[in-house]
Amino acid sequence: MNETAKIPSNGPAEPATLARSIVLVGLMGAGKSCIGRRLAQRLDVAFVDADAEIELAAGCTIAEIFEKYGEGAFRDGERRVMSRLLQGPPTILAAGGGAFMDAETRELIREHAVSVWLRADLDTLAARTKGRGHRPLLNAGDPRETLAKLIEVRYPVYAEADITVDTGADNPNLTCVRVIEALAKIAPTFATPAP
Ligand code: S3P
């Protein structure tokens, strides 16, 4: 891996650049967007939320895509958007919970990025997703049961990520520091917090 991770920015308006994208993976409620934003701020690099990019490309919300066209169409769109983002300039990229389950996307992530799995237990995920209606997979049936099933199916695949960081109920800043420390272990210059 190219370890020239962070090129200092020339001015306040220009964020620094990364050698590779850092892709945050994990289940709904793991804190991918929250930690991703903090990470981007600490490292002074750009943050991109894949779900928001999918909505922008589709011109409607994820819930609407599921409702009008079904999950298969959503996954096709997600694959296309992830491919575009991963082949673009490196960023801190928060992936949707299902993105890393796609073999093609996983391969692109391997090729272009460092993947970080934010691992959380069922209680944490259930608490963090409770009462929020924007995730179609959790809107039908018992969301806790759905999350439990997704843990079973997805955790062995998320475990293929380059780095695993436990999130739990910790303060997000602490999780962010843990991610930076873990990144620094695999490539010392990868994660230099902004001065
Ligand atoms: C999904 C997770 C969601 C979103 C969509 C499907 C999943 O993203 O992409 O609702 O399959 O786990 P978040 O993980 O950011 O909530």
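The values are calculated or read from the model by the stated rules, or taken from the named source; none is laboratory data. Since we're looking at a predicted model, the values are computed, not measured. Every residue, glycine among them, receives a Cβ derived from its backbone with ideal geometry; neighbour counts consider all protein chains shown. To get the accessible areas, we keep the full protein, side chains included, count just its heavy atoms, and leave off ligands, DNA and RNA. Shrake-Rupley method; radii C 1.70, N 1.55, O 1.52, S 1.80 Å.
Screening ALA113, ALA94 for residues that are under 16 Å from VAL165 (Cα atoms) and touching a residue at least 12 places away in the same chain (Cβ under 8 Å) leaves exactly one candidate, ALA94.
Conditions tested, residue by residue: (1) closer than 22 Å to ILE65 by Cβ; (2) among the small types (Gly, Ala, Ser); (3) in a helix (DSSP H, G or I); (4) in contact with a Leu (Cβ under 7 Å, 6 or more places away or on another chain).
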| site | (1), (2), (3), (4) |
| --- | --- |
| GLY96 | yes, yes, no, no |
| LEU118 | no, no, no, yes |
| ARG128 | no, no, yes, no |
| GLY133 | yes, yes, no, no |
| ALA140 | yes, yes, no, no |
| ALA169 | no, yes, no, no |
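Would you confirm whether any residue within the range 4-24 is in a helix (DSSP H, G or I), out of contact with any Phe, Trp or Tyr (no Cβ under 9 Å at 6 or more places or on another chain), modelled with pLDDT of 90 or more and open to solvent by less than 40 Å² (accessible area, probe 1.4 Å)? No, the range 4-24 has no match at all.
Out of the range 108-135, which residues are under 19 Å from ILE186 (Cβ atoms) and among the acidic types (Asp, Glu)? Hit for the range 108-135 is GLU111, nothing else.
For the range 61-70, the tally of residues that are open to solvent by 60 Å² or more (accessible area, probe 1.4 Å) and without any contact (Cβ under 8 Å) to a residue 40 or more places away in the chain stands at 3.
To keep it simple, each residue is scored yes or no on (1) more than 12 Å from the ligand (Cβ to nearest atom); (2) in contact (Cβ under 8 Å) with a residue 24 or more places away in the chain; (3) touching a helix residue (DSSP H, G or I) at 6+ places or on another chain (Cβ under 9 Å); (4) within 22 Å of ALA161 (Cα to Cα).
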position: ALA40; (1), (2), (3), (4): yes, yes, no, yes
position: VAL45; (1), (2), (3), (4): yes, yes, yes, yes
position: GLY59; (1), (2), (3), (4): yes, no, no, no
position: MET82; (1), (2), (3), (4): no, yes, yes, yes
position: GLU107; (1), (2), (3), (4): yes, no, no, yes
